[in-house]
Amino acid sequence: MSNIKGQGPSRARKAPRDLVVRARMVELSWSGQRVPVIADELRCSPKTVRRWLHRFNRSGLDGLEDLGGQGRKRRITEAERSRVIGLVRQAPPGRLTVQADGELAAADESGPPEWTLDSLTAEARRLGIAIGRSQVRRILHAEGVRWRRTRSWTRSKDTDFEGKGPGSSSSTPARPKARRSSAPTSSDR
């Protein structure tokens, strides 16, 4: 990030302005201005002026551009990221499914029946992806992928399940709201 005052961390919106300021540094230097005078005029530090002048002398106009590739590098590749997202779309290995003969069976009895962050992380690691639980959560959240099913406690897939029936009885009258007076009465004292 540049040391020019008044500029925030957002680089994309201010990149053209940065280039103009850096080119102005070079222009003022060519006109014979000294570094402290340039820094005062452009309201930045002399160290910043020196840095951009050195980069211009070394690389020309390309030296005034921001260097790419700064910041933290990704720990996993795009292909590994896609594999993690793809795991959620697959049925968990421990989920029971109805087989052709009508019996319930799971592909892997020891596997998880539902995907959780822990089970997704374990499966990704088993596939050779070095990833942590929080990173799995961030990836899925960024992609808008749901890894949990919301459960409705009012319904059941069990054919023998019976609901509790209708709600509260309508025969119980609602409690009437008491009127509130705006002036104090003798009973309020």
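The values are calculated or read from the model by the stated rules, or taken from the named source; none is laboratory data. Values in this document were obtained by computation on a predicted structure and should not be read as measured data. Neighbour counts run over all protein chains shown; Cβ positions are idealised from the backbone, glycine included. Ligands, DNA and RNA are excluded from the accessible area calculation, which covers all protein heavy atoms including side chains. Shrake-Rupley method; radii C 1.70, N 1.55, O 1.52, S 1.80 Å.
Among the listed residues GLY94, GLY128, GLY132, GLY102, identify the single one that is farther than 30 Å from ARG24 by Cβ, surrounded by 13 or more Cβ atoms within 10 Å (Cβ to Cβ) and over 20 Å from the mean Cα position of the chain (by Cα).
Numbers: GLY128 fails: surrounded by 13 or more Cβ atoms within 10 Å (Cβ to Cβ); GLY132 fails: over 20 Å from the mean Cα position of the chain (by Cα); GLY102 fails: surrounded by 13 or more Cβ atoms within 10 Å (Cβ to Cβ).
Testing whether each residue is farther than 30 Å from ARG24 by Cβ, surrounded by 13 or more Cβ atoms within 10 Å (Cβ to Cβ) and over 20 Å from the mean Cα position of the chain (by Cα) leaves just GLY94.
Under the condition of being part of a loop (DSSP other than H, G, I, E, B) and hydrophobic (A, V, I, L, M, F, W, C), which residue from the range 61-91 is least open to solvent (accessible area, probe 1.4 Å)?
Narrowing the range 61-91 to residues part of a loop (DSSP other than H, G, I, E, B): 65-77, 90-91.
Then drop every residue that is not hydrophobic (A, V, I, L, M, F, W, C), which leaves 67, 76, 91.
Details: LEU67: 107, ILE76: 15, ALA91: 64 Å².
If we take residues in the range 61-91 being part of a loop (DSSP other than H, G, I, E, B) and hydrophobic (A, V, I, L, M, F, W, C), then ILE76 is least open to solvent (accessible area, probe 1.4 Å).
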* Structure fact -> In the range 105-124, anything at pLDDT 85 or above and not in a loop (DSSP other than H, G, I, E, B) is listed as LEU117, ASP118, SER119, LEU120, THR121, ALA122, GLU123, ALA124
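I'm trying to understand the selection: among the residues of the range 28-60, which are open to solvent by 100 Å² or more (accessible area, probe 1.4 Å) and charged (D, E, K, R)?
ARG34, ASP40, ARG43, LYS47, ARG50, ARG58
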